[in-house]
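Worksheet: one structure, shown below.
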Amino acid sequence: MRCANGALYTGITNDLKARLAAHNEGRGARYTASFGPVVLVWKRRKKDRSAASVLEAAIKKLTRRGKERFLRPAK
């Protein structure tokens, strides 16, 4: 998700619609409560929570520049 301040926030959920609503109502996470509202910029479905956590950790290890490159559409 991209926060109102331009920052990128990464997380996992099994109910994306509810999670986005929670973030935008200030109930999702401390960070997004401070810098919301948020807009969904990318999503990926994984087979289970473990696989989702592995992907989340990999994305969080990227630099901001790496995350922005990751979000660019392929040419």
>> Yes or no: the stretch 19-31 includes at least one residue that is out of contact with any helix residue (DSSP H, G or I) (no Cβ under 9 Å at 6 or more places or on another chain) and of a type in the set (S, T, N, Q).
In response: no
> Does Arg44 satisfy being out of contact with any strand residue (DSSP E or B) (no Cβ under 6 Å at 6 or more places or on another chain), basic (Lys, Arg), at pLDDT below 95 and more than 19 Å from Leu71 (Cα to Cα)?
Replying inline: no
> In the stretch 1-38, how many are of a type in the set (Asp, Glu) and more than 17 Å from Ala52 (Cα to Cα)?
Replying inline: 1
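Identify, from the list Thr10, Thr63, the residue that is of a type in the set (Ser, Thr, Tyr) and touching a helix residue (DSSP H, G or I) at 6+ places or on another chain (Cβ under 8 Å). Steps first, answer last, please.
Details: Thr63 fails: touching a helix residue (DSSP H, G or I) at 6+ places or on another chain (Cβ under 8 Å).
Among Thr10, Thr63, only Thr10 is of a type in the set (Ser, Thr, Tyr) and touching a helix residue (DSSP H, G or I) at 6+ places or on another chain (Cβ under 8 Å).
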> Does any residue in the stretch 31-51 that is at negative phi come within less than 8 Å, Cβ to Cβ, of a residue that is at pLDDT below 95 and surrounded by fewer than 10 Cβ atoms within 10 Å (Cβ to Cβ) six or more places away or on a different chain, and which pairs are these?
Replying inline: Phe35/Asn5; Arg49/Asn14
> Within the bounds of the stretch 61-74, is there any residue that is touching a strand residue (DSSP E or B) at 6+ places or on another chain (Cβ under 8 Å) and outside any helix (DSSP H, G or I)?
Replying inline: no
> Which one is surrounded by the fewest Cβ atoms within 10 Å (Cβ to Cβ), of the residues in the stretch 5-54 that are assigned to a strand (DSSP E or B) and β-branched (Val, Ile, Thr)?
Replying inline: Val39
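The values are calculated or read from the model by the stated rules, or taken from the named source; none is laboratory data. Here the structure is a predicted model, which is why all the values come from computation and not from measurement. Backbone-built Cβ (ideal geometry, glycine too); neighbour counts: all protein chains shown.
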